[in-house]
Amino acid sequence: MKIVVIGGTGLIGSKLVKKLCERGHEAVAAAPKSGVNSITGEGLADAMKGASVVVDVTNSPSWEDAAVLKFFETSTRNLLAHEEAAGVGHHVALSVVGTERLLESGFFRAKLAQENLIKASSVPYSIVRATQFFEFVKGIGDFSTNGNTVRLPHVFIQPMAADDVASAVARIALDPPLNRTVEIGGPERFRLDELIRLDLAARNDPRKVIADPQAHYYGIPVTENALVPDDEALLGEKHFADWLSEATKQTPSPQLQPA
Ligand SMILES: NC(=O)c1ccc[n+]([C@@H]2O[C@H](COP(=O)([O-])OP(=O)(O)OC[C@H]3O[C@@H](n4cnc5c(N)ncnc54)[C@H](OP(=O)(O)O)[C@@H]3O)[C@@H](O)[C@H]2O)c1
C-alpha cells in the first residue's frame, strides 16, 4: 500500500514512516525538504499519485494565533483537495486530546478548524487525538518557568511516548477509515506539577515546582480533567519513568544560568 506521510520528517512522521516501511508498505516522507509543501501545494499531486492513504502529521512553524490558524486551514484544504482529485481513500490526521476544552489558545482553535475541515470533506477519515508526548514534557516546564521556579496547576495529565503515538497512528492508517475521532493516551495518569518534578529531578535540574491553582498550562487556564482522554482511549505501553531514564542517559544535564 502507498501511504504518504505529510510532515514525514518530523518527530512523529519519521517514526511513522519507519514503522510503515518495516511492515512492507511504500511510505513516502513528504515535507518541504523533500519537495512537498502543503501550504504552497508544491509536489502534492505527484506525491499522491497511486496513494491509498494520506497521514497528516504536520505542525505549524509559528504558533502565533493568526499564523497557526492560517497554517492548519490552508494546509488541510490543500491536502483534502489533492486527495479528492487523486482518489485517496483515507485521510488520517493527528490532533490533540481535549482540543475543545483548550480553545483559549490559538493553537487549539487551529487544531479544531483542521478537524472540522476534515469532517466536512468527502474524503473518508480517521482523526487521532493524542495526549502530550513525553518528548514535550520538558517544554511544558520551561514554558512555566520564572527564575528558578516553575508554577503549574495540579491537574491530571496522561502523556505518552512519541513511539507509541507513531505505532497507534500506523495501525489506524492501515485499517479502514473510522470516520470519527479516536483518542490515544499514555498508560499512567500524573498530576502536572508531579510530572514536571519527576522530569526535572531526572535531569538534575534544581528548579522548584510549585502547584498553583492560578497557574496555566502553556498559557491556558485548565480544569482538572481537561488534558486527559476518556475511558475508551487506546493506551500506549511505554511508562514515563522508563522513557525518562533512557532519555536522560543520552543527554547531559542542562546547567541553569542564574536568573
Ligand atoms: N507535542 C505534543 O505533545 C502533541 C500532542 C498531540 C498531538 N500533537 C500533534 O502532532 C502533530 C505532529 O507533531 P510533531 O511534534 O511530530 O511535529 P514536528 O516534529 O514539528 O514535525 C512537523 C512536520 O511538519 C512538516 N511541515 C511543516 N510545514 C510544512 C509544510 N508547509 N508542508 C509539509 N510539511 C510541513 C515539517 O517539515 P520540516 O522537517 O521541513 O520542518 C515536519 O516534518 C502536530 O500536528 C501536533 O499538533 C502534538
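Numerical summary
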| read-out | value |
| --- | --- |
| With all protein chains modelled, accessible area of H154 [1.4 Å, Å²] | 100 |
| Three-way shape label, the stretch 151-253, alpha-carbon gyration tensor, a/c 1.5 | oblate |
| Summed residue charge, Cβ within 9 Å of A211's Cβ, Lys/Arg positive, Asp/Glu negative | -1 |
| Residue among I118, I127, I220 with the largest mean-square fluctuation in a Gaussian network model of the chain, springs linking Cα atoms under 10 Å | I220 |
| Karplus-derived 3J(HN,Hα), 6.51/-1.76/1.60, for each residue of the stretch 192-209, Hz, glycine and proline x | 4, 5, 5, 4, 5, 4, 4, 5, 5, 4, 5, 9, 6, 9, x, 4, 9, 9 |
| Antiparallel bridges, percent of DSSP beta bridges restricted to the stretch 145-259 (to nearest 5) | 45 |
| Computed helical MRE - 222 nm, the chain, DSSP H runs ≥ 4 contributing -39500 (n - 2.57), nearest 500 | -12000 deg cm²/dmol |
| Accessible surface, per residue, of the chain when the full set of protein chains is kept, probe 1.4 Å, Å² | 46 |
| Local net charge near F133, Cβ-Cβ under 12 Å (Lys/Arg +1, Asp/Glu -1) | 0 |
| Restraint check, K111/K208; K49/K119; K138/K238, Cα-Cα greater than 25 Å | K111/K208 |
| Summed side-chain charge close to H90 - residues other than H90 whose Cβ falls under 10 Å, Lys, Arg +1, Asp, Glu -1 | -2 |
| Modelled FRET efficiency - R0 25 Å, D212 with E104, Cβ distances, 0.05 increments | 0.90 |
| Efficiency of FRET from Cβ geometry, S245 and E188, R₀ 22 Å, rounded to 0.05 | 0.90 |
| Distance-filtered residues of the stretch 102-143 - backbone nitrogen under 12 Å, label point 7 angstrom along R180 Cα→Cβ | 127 |
| Rg/Rh for the stretch 1-88, where both radii come from Cα atoms and Rh is the Kirkwood radius | 0.97 |
| Mean separation of Cα contacts under 8 Å, 6 or more apart, over the residue count of the stretch 120-248: relative contact order % | 38 |
| ³J(HN,Hα) computed for each position of the stretch 125-132 - Karplus, 6.51 cos²θ - 1.76 cosθ + 1.60, integer Hz, glycine/proline x | 9, 9, 9, 10, 9, 9, 7, 4 |
| Long-range HN-HN contacts of S126 with modeled amide H, under 5 Å | H91, V92, A93, L178, N179 |
| Inter-probe distance in nm under a simple model that places probes 7 Å from Cα toward Cβ, at N225 and R23 | 3.1 |
| Calculated diffusion of the stretch 47-123, Stokes-Einstein form, Kirkwood radius summed over Cα pairs, 25 °C and 0.890 mPa s, µm²/s | 191 |
| Whole-number percent relative contact order across the stretch 1-59, with pairs defined as alpha carbons under 8 Å at least 6 apart | 48 |
| Relative contact order (%) - criterion: Cα under 8 Å, at least six apart; region: the chain | 18 |
| Within the stretch 41-184, percent of DSSP bridges classed antiparallel, to nearest 5 | 10 |
| Phi to ³J(HN,Hα) by Karplus 6.51 cos²θ - 1.76 cosθ + 1.60 over the stretch 134-144, Hz, x for Gly, Pro | 3, 5, 9, 4, 4, x, 5, x, 4, 5, 9 |
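The values are calculated or read from the model by the stated rules, or taken from the named source; none is laboratory data. For clarity, every value in this text was computed on a predicted model and none was experimentally measured. A quick note on method: Cβ atoms are made from the backbone with ideal geometry, for glycine too, and the neighbour counts reach across all protein chains shown. Ligands, DNA and RNA are excluded from the accessible area calculation, which covers all protein heavy atoms including side chains. Shrake-Rupley method; radii C 1.70, N 1.55, O 1.52, S 1.80 Å.
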